[in-house]
Amino acid sequence: MSGADINKLILAGLTTLLVMLLIGNVVNELSHSEPLEQNAYAVLGSDGATSGEPAAAEVEAVPTLESVTPLLAAADLDAGQKAAKRCAACHTFKDGGANKLGPNLWAIVGKEKGTVDGFSYSGALEDTGGVWSYDDLNAFLADPKGFLKGTKMNFSGIKDVEDRAAVIAYLRAQADSPLALPE
Ligand code: HEC
C-alpha cells in the first residue's frame with residue numbers, strides 16, 4: 001500500500017466518523033422534546049377545582065371529652081375496683097406496692113406526674129409536668145396516647161365516662177388523705 005493509499009484510507013475513515021457525528025446530532029435535535037406547558041396529570045389540591053379538601057360542612061366535629069367531675073362524688077367504688085383490674089396487669093395500687101410494667105399508683109391523684117421512685121418513665125411523661133388533676137386523669141385514661149403523645153402506657157383507654165369516673169374515684173381512695181373532690 002502506497003503512502004497516498006494510506007492517506008485516502010484515513011480520509012475515508014475520518015469522513016465516515018464526521019457523517020456519523022452529524023447524523024447523531026440531527027437525530028438528537030429531532031427527538032429532543034419540548035418541555036410540557038402543563039403537567040400531564042392534575043395535581044390534587046393544586047387548584048380549587050381538583051382539590052381533595054372536603055367542604056367545611058363535611059368536616060366531622062371532634063367530640064369533646066365528657067368530664068368525670070360531676071360524677072365523682074356518687075361514683076361506685078366497687079365498680080371502680082373491678083374496672084381497675086384492667087390496670088392491675090401493669091400497676092399495683094397499695095402503699096409501697098411494686099412497680100410493674102407501670103409505676104405503683106398509691107396516692108396518684110393530685111401527685112406530681114412521673115415521680116414514683118424507681119420507675120423509668122418515658123421522656124413524654126417525664127417532661128409533661130404538673131400534677132394528676134381529675135381533668136388530666138380523665139383525659140389520660142380516656143385515650144392515653146392521645147393525651148400524652150409518646151407515652152409508653154400501652155392501654156387503649158376507657159371510653160365510657162362512668163367507668164372512667166369509677167376508676168378515678170377508686171384511685172382517689174387509694175391514699176392516706178384523698179384529694180378533695182372537685183366543687
Ligand atoms: C399495658 C400496661 C398498662 C396498663 C394496662 C395500664 N397502664 Fe398505666 N402506665 C403504664 C406505663 C408503662 C406507664 C408509664 C408511662 C410512661 O412513662 O409514659 C403508666 C402510667 C400511668 C399513670 C401515670 C403515673 C405517674 O406516675 O405519673 C397513671 C395515672 C396510670 N398509668 C393509670 C392507669 C390506670 C388507671 C389504668 C387502668 C385503667 C392503667 N394505667 C393501665 C402501663 C399500663
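The table that follows gives values for the structure above.
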| quantity | calculated |
| --- | --- |
| Summed residue charge, Cβ within 15 Å of Ala142's Cβ, Lys/Arg positive, Asp/Glu negative | -2 |
| Amide H partners (placed H, <5 Å) of Val131, local residues excluded | Lys113 |
| Cα coordinate range in region 136-183, projected on the principal axes (Å, largest first) | 31, 20, 18 |
| Burial order of peptide ranges 81-94, 118-131, 164-177 (average beta-carbon count within 10 Å, highest first) | 164-177, 81-94, 118-131 |
| Rounded, prolate or oblate (a/c below 1.5 giving rounded, otherwise prolate when a/b exceeds b/c) for region 62-183 by Cα gyration tensor | rounded |
| Derived scalar couplings ³J(HN,Hα) [region 94-100; Karplus, 6.51 cos²θ - 1.76 cosθ + 1.60; whole Hz; x for Gly, Pro] | 7, 4, x, x, 6, 7, 10 |
| Peptide ranges 143-153, 63-73 listed from the most packed, as the mean C-beta count within 10 angstrom indicates | 143-153, 63-73 |
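Bear in mind these aren't lab numbers, they're just calculated from the coordinates by the rules spelled out. The shown structure was predicted, so the numbers you read here are calculated from the model rather than taken from an experiment. Every residue, glycine as well, gets a Cβ built from its backbone with ideal geometry; the counts of neighbours run over all protein chains shown.
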